[in-house]
1. Considering only segment 154-188, state which residues are open to solvent by less than 10 Å² (accessible area, probe 1.4 Å) and of a type in the set (Phe, Trp, Tyr).
2. Can you pull out every residue in segment 110-125 that is surrounded by 15 or more Cβ atoms within 10 Å (Cβ to Cβ) and either out of contact with any Lys or Arg (no Cβ under 6 Å at 6 or more places or on another chain) or farther than 17 Å from Tyr55 by Cβ (or both)?
3. Select from segment 120-135 the residues that are among the hydrophobic types (A, V, I, L, M, F, W, C) and touching a Phe, Trp or Tyr at 6+ places or on another chain (Cβ under 8 Å) and list them in ascending order.
4. Please indicate, with yes or no, whether at least one residue in segment 62-78 is of a type in the set (A, V, I, L, M), crowded, with 20+ Cβ neighbours inside 10 Å, within 25 Å of Ile154 (Cβ to Cβ) and modelled with pLDDT of 95 or more.
5. For Thr81, which of the numbered conditions (1) farther than 23 Å from Met34 by Cα; (2) polar (S, T, N, Q); (3) crowded, with 18+ Cβ neighbours inside 10 Å fails to hold?
6. Cβ-Cβ under 6 Å, sequence separation 6+ or interchain: first residue in segment 251-270 and under 12 Å from Ser199 (Cβ atoms), partner at pLDDT 95 or above and part of a loop (DSSP other than H, G, I, E, B). Which pairs?
7. In segment 112-158, how many are touching an Asp or Glu at 6+ places or on another chain (Cβ under 8 Å) and part of a loop (DSSP other than H, G, I, E, B)?
Amino acid sequence: MWMSVTLFVAMVAMTMMSGTVEATFDQTAWNEVMTTYVKVNQSSFGIQNEALVDYSSMRVDNDTNYYHYLQQLREAAPIETYTLNDQFAIAINAYNAFAIKQVLLNPCKVSFGRFCWLTASIRDISGLGTQVWDMPAGFIGETEYTLNELETFIRGLNDPRIHACIVCASASCPNIQPFAFTAEAIETQKNHSMTQFLSNQQKGLYLDEANNLLYLSSIFLWYQNDFETFTFPSLNGGKPFGTVVDFVKVFAPPDVQAYLADNPDVVVTYFHYDWRLNTLSNAN
């Protein structure tokens, strides 16, 4: 009995010294929000197979799960104290929640009395010369983050797949998923998100074999360094990919993978990025 107590005390001390939170962050409330308000297999602005957010219903419903989730984040321990898988899940879900929050709180780009010039893009939201990316967006624990700050934290985890998981409320963004990312499923979910993104020929990847052109999302241009140099244990044997095309080969549809293997001289170009809102009201 004395040995058991001693061992227990030692284990507690080690946990306190490591600063790691052992309990997994509960993503149930955010999963309920996503399954309720994300509508899949939609199209908008010529982009097929979109996942669109029903912002209008979210405003009307005043959804308790949504506010409960934001409160959960507010009461969380510092994000760095969670396990790595939890850090991915917490930060990705929080980024998406905070982007949605900015849209919900700012339905009008300009308003005068009853007149409302509707917000058409998240980039319409700004304050005193500050872009939406640099405005306070939400809390995780005691730390208040902007969208840029939270993105920087997520990128610091060194996994380029996150660029298919975080969604900036825009039509050309990767699809927002109709589920919450979780620590238990994060590896599968990151793979799914990137594979799905690169299967969308209007915003992710399109191969023009006749002209030997590979069209990619502008995300691969803006974050080229991440795709080329980041290393993560479960990707490419923990080695950097070296080129964007080498990264894309892993997650592209099989026919594209085969073409890229046989045509290393393929020319990469990029889609125009459509910043209009990923809102269900834009579905057609």
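1. Phe181
2. Once the filter is applied, which keeps residues that are surrounded by 15 or more Cβ atoms within 10 Å (Cβ to Cβ) and either out of contact with any Lys or Arg (no Cβ under 6 Å at 6 or more places or on another chain) or farther than 17 Å from Tyr55 by Cβ (or both), segment 110-125 yields Ile122, Arg123, Ile125.
3. Hit for segment 120-135 is Ile122, nothing else.
4. Yes, there is a match, as at least one residue in segment 62-78 is of a type in the set (A, V, I, L, M), crowded, with 20+ Cβ neighbours inside 10 Å, within 25 Å of Ile154 (Cβ to Cβ) and modelled with pLDDT of 95 or more.
5. (3)
6. Hits for this filter: Pro253/Ser199.
7. 1
For (1) assigned to a helix (DSSP H, G or I); (2) under 28 Å from Val53 (Cβ atoms); (3) touching a Ser or Thr at 6+ places or on another chain (Cβ under 9 Å), each residue gets a yes or a no:
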residue: Ile166; (1), (2), (3): no, yes, no
residue: His192; (1), (2), (3): yes, yes, no
residue: Lys203; (1), (2), (3): no, yes, yes
residue: Phe227; (1), (2), (3): yes, yes, yes
residue: Phe232; (1), (2), (3): no, no, no
residue: Asp246; (1), (2), (3): yes, no, no
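The values are calculated or read from the model by the stated rules, or taken from the named source; none is laboratory data. The model shown is predicted, which means the values in this text are computed figures rather than measured ones. We place every Cβ from the backbone using ideal geometry, glycine too, and count neighbours over all the protein chains shown. To get the accessible areas, we keep the full protein, side chains included, count just its heavy atoms, and leave off ligands, DNA and RNA. Shrake-Rupley method; radii C 1.70, N 1.55, O 1.52, S 1.80 Å.
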